[in-house]
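Asker: Handing you a structure now.
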Amino acid sequence: MRNPFARAAALTILTAILLTGAGGSALACGGLVTPNGTINLLKTTTLAAYHGGIEHYVTSFEFAGEGQEVGSIIPLPGVPTDVIRGGDWTLQRLIIETQPQPEALRTASFALDSAAGAEVLMEKKIDALDITVLKGGAVEVGDWAREHGYFLPPDAPEMLAFYAGRSPIFLAARFNAERAANRGVQTGQGTPIHVVIPTPNPWVPLRILALGRKASEVVQADVYLLTDRRPETLPQAERSKGSDESQRGLIQEVSEPASNTLLADLRSDRGMKWLPESDMWLTYIRINETAANLKHDLAIDASGYGRPNPVAAGYPAPGAAPWPIVWTVMAALVAVAFLMAVTDPAVRRQTARVFRR
């Protein structure tokens, strides 16, 4: 049996290195909507695991700076059945599995009230976070946010409409700096949450990360997928060019069977017993794109059929196939011939002789 004290000590070392490193993880796949003071967010790390028709969305809210409150809105693909505090090391363990780490980590052991129109489906307090799950259209959710003290940047109405047309479910999270200080939460220290969402079409919101950002600003995020089969995504992630930090877009760094050691470590964390002991596929996609070019979400087909839903990615719904031009020309020729047969006496006489034969 593994020594729990050694596990705790190793996790402490891991957390300290991740929080002080330049690549520290930060907010969920959501947009900052309550800039109060100089509180801001760093980088995003999210796990979207899909098993048995349930999407398990694990992300960490980490803010840095000064101020009293700051908030975020995350679009969801469906109505969650629960929102709980996430595990203590799930995201960190995934980072260790897929990204180069210091020797100390590689050798460590781990068992690691609503406004009119917007319906409040769930309210939770998780550490210094106030979580509200909302149902409503873009206008209703926007009104709710403003009435509850959220500041919405100018691009918020368009962004909310982009999501509300596909799923009217949003998660609003408000970070209270005073409550965090009272709980001993230090600057940059994350509060992980775990959202349980029954859905036939899992997707990860990415475009929301560009909310309120300048067009030239680079959005960075780490997205991990755990699925029963090798998934297909839309947009498709391009192959990594190694350590080329100038590579833009959705970059696939890892796509391989999840090791049993990784799954055992994840299962030992808080709220992760649902995860199978084996036969899962691990995908790691690094987002490194300008806000102007981050136009879609990440649709996932975890069934093995290779057909991610374009609508889930934010593409327009497929319309009726266009009428081929050649058919249009043929129809016009037939119509002209018919009119000639009806109006031209010579053609009528010729047609009559044909039928008398």
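Asker: Mind listing the Cα extents of segment 145-288 along all three principal axes, in Å, largest one first?
Answerer: So the extents along the principal axes, rounded to whole Å, are 47, 37, 34.
Asker: Also: Is the shape of segment 205-276 best called rounded, prolate or oblate, per the rule: a/c under 1.5 gives rounded, else a/b larger than b/c gives prolate, else oblate, with a ≥ b ≥ c the square roots of the Cα gyration tensor eigenvalues? All intermediate terms of the calculation are to be shown ahead of the outcome.
Answerer: Values: a/c = 2.33, a/b = 1.71, b/c = 1.36.
Note, shape of segment 205-276 comes out prolate.
Asker: Here is a follow-up. Treating cross-link reach as a plain straight distance, find the lysines whose alpha-carbon is under 25 Å from the alpha-carbon of LYS135, omitting any fewer than eight places away in the same chain.
Answerer: Of all the lysines, those that pass the test against LYS135 - Cα under 25 Å, at least 8 places apart if same chain - are LYS124, LYS125, LYS295.
Asker: For the ranges 240-250, 123-133, what's the packing order if you count other beta-carbon atoms within 10 Å of each residue, average per peptide, and put the highest first? All intermediate terms of the calculation are to be shown ahead of the outcome.
Answerer: Details: 240-250: 12.0, 123-133: 17.6.
The most tightly packed comes first, giving 123-133, 240-250.
Asker: Something else now. Any number yet on Rg/Rh for segment 158-227, C-alpha, Kirkwood?
Answerer: 1.00
Asker: Could I ask something else about it? Which far-off residues, 5 or more places away or on another chain, put their amide H under 5 Å from the one on ASP222, with H placed in the peptide plane?
Answerer: Answer set, sorted by chain and number: THR44, THR45, THR46, ILE287.
The numbers here are math on the coordinates, done by the rules we state, and not lab data. Note that the coordinates shown come from a computational prediction; the quantities given were computed from them, not determined experimentally. Note that each Cβ is placed from the backbone with ideal geometry, even for glycine, and that neighbours are counted across all protein chains shown.
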